[in-house]
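Take a look at the structure below.
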Amino acid sequence: YDVIVTLPGHAETISGAAGVAMDIANVTVIGVGHGDLRPTITFATATAASITVSAADCRWIGSWIFKCNIASQNHMFDITADDFSIDGLADNGEMKIDFQEGTETGLSFITADTADNDSDYLKIRGCRFYAPTAGNYDAAIQLAKDFTGVRIEDCDIYGDWDNGGIEIPTGGNAQIDIAIRRCRVVNLLAGAEAIDIEGTGNTGEIADCRLGSDAQATALDSGGLRVYNTTWTDTGDQTIAVPIFVQPDSAANIL
């Protein structure tokens with residue numbers, strides 16, 4: 001079990017695929033700092049610039065800023081290992097990890113999209129994702145294969161997303177026991193979902209979330225997940241939050 005501590009003011013640039021490779025199991029990377037003095041990693045030069053996680057039971061925690069300076073960057077974190085955790089939630093409830101557009105807009109911040117079950121029990125917690133500029137972003141978080149036990153909790157996702165702040169396309173439409181809890185997810189793009197989960201073969205829940213989009217009817221595609229205490233507001237007006245009611249499909253009836 002190894003621990004790497006990164007101190008306030010540390011800055012580095014990743015300019016190639018697997019610029020940082022977590023390929024040894026049971027490694028924890030801790031960032032220390034506050035505000036602009038948090039350790040900052042900037043991605044530049046190549047669209048493949050990334051941090052890869054291929055070893056199980058690793059963690060990336062503490063205080064961090066991740067910034068995109070390359071147009072159409074594929075992703076910042078590419079996850080292909082079980083039990084990876086990226087956690088920036090402080091004891092006082094503050095989110096200490098920020099994913100940001102910089103001088104450019106990428107495609108995604110975190111993806112797990114290589115093989116079914118290679119990223120089981122992924123946890124994303126206490127992170128802010130900020131990309132308000134209309135451009136390239138498909139999603140903040142994309143799960144494009146089938147996994148068990150994924151948790152996305154206590155996150156703030158705000159941006160112009162082509163597909164949704166959280167996206168699970170058809171390649172990942174058999175999630176088992178996924179939970180999305182206590183998140184704010186806002187999509188500034190007209191006609192697009194805040195959370196988009198394709199298919200109806202998923203199990204799990206969306207609970208205590210606040211969604212923003214330009215229309216309630218398209219704010220959430222729940223992919224068959226149970227939905228509890230989740231509300232919607234209009235991004236184009238100052239409206240009072242209203243409960244989300246999942247739209248029925250051909251296999252569902254509402255009485």
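The values are calculated or read from the model by the stated rules, or taken from the named source; none is laboratory data. Not measured: the values here are computed from a predicted model. A quick note on method: Cβ atoms are made from the backbone with ideal geometry, for glycine too, and the neighbour counts reach across all protein chains shown. Calculation scope for accessible area: heavy atoms of the full protein, side chains included, ligands and nucleic acids excluded. Shrake-Rupley method; radii C 1.70, N 1.55, O 1.52, S 1.80 Å.
Here the chain is assigned +1 on the Cβ of each Lys and Arg and -1 on the Cβ of each Asp and Glu. Its dipole about the Cα centre then comes out at about 500 debye.
Placing a label point 7 Å from the Cα of Val3 along the Cα-to-Cβ direction, the residues of the range 15-32 with a backbone N closer than 15 Å are 26-32. Kirkwood's formula applied to the C-alpha pairs of the range 1-143 gives a hydrodynamic radius of 14.9 angstrom. Assign one of three labels to the range 111-255, namely rounded, prolate or oblate, based on the Cα gyration tensor with a ≥ b ≥ c the square roots of its eigenvalues; rounded applies when a/c is under 1.5, prolate when it is not and a/b is larger than b/c, and oblate otherwise. Note, shape of the range 111-255 comes out oblate. The residues of the range 30-179 expose on average 32 square angstrom of accessible surface per residue, using a 1.4 Å probe on protein heavy atoms. Taking the accessible area of the chain, probe 1.4 Å, and keeping the other protein chains in place, the carbon and sulfur fraction comes to 49%. Charged neighbours of His75, selected by a Cβ distance under 13 Å, balance to -4 (K, R count +1; D, E count -1). Counting only chymotrypsin sites (Phe, Trp or Tyr not before Pro) that DSSP places in a loop and that have at most 15 other Cβ atoms within 10 Å, the longest clean stretch of the chain runs over 2-244. Return the FRET efficiency for the residue pair Ala46, Val242: r is the Cβ-Cβ distance, R0 is 45 Å, and the value is rounded to the nearest 0.05. Result of the calculation: an efficiency of 0.55.
Label sites at Asp36 and Asp234, each approximated as a point 7 angstrom past Cα along Cα to Cβ, lie 3.8 nm apart.
Projected onto their three principal axes, the Cα atoms of the chain cover extents of 56, 37, 36 Å, largest first.
Taken along the Cα-to-beta-carbon direction at a fixed 7 Å, the label points for Ala134 and Ile24 span 4.8 nm.
For the range 213-243 versus the range 178-205, the spacing of their alpha-carbon centroids is 10 Å. Dipole magnitude for the range 1-146: computed about the Cα centre from +1 point charges on Lys and Arg Cβ and -1 point charges on Asp and Glu Cβ, it is near 440 debye. Diffusion of the range 168-235 by Stokes-Einstein, at 20 °C in a medium of 1.002 mPa s and with Rh set to the Kirkwood radius over alpha-carbon pairs, works out to 181 µm²/s.
One chain, two ends: Thr13 and Ile176. Fully extended at 0.36 nm per residue, the span grows by 55.1 nm beyond their Cα-Cα distance.
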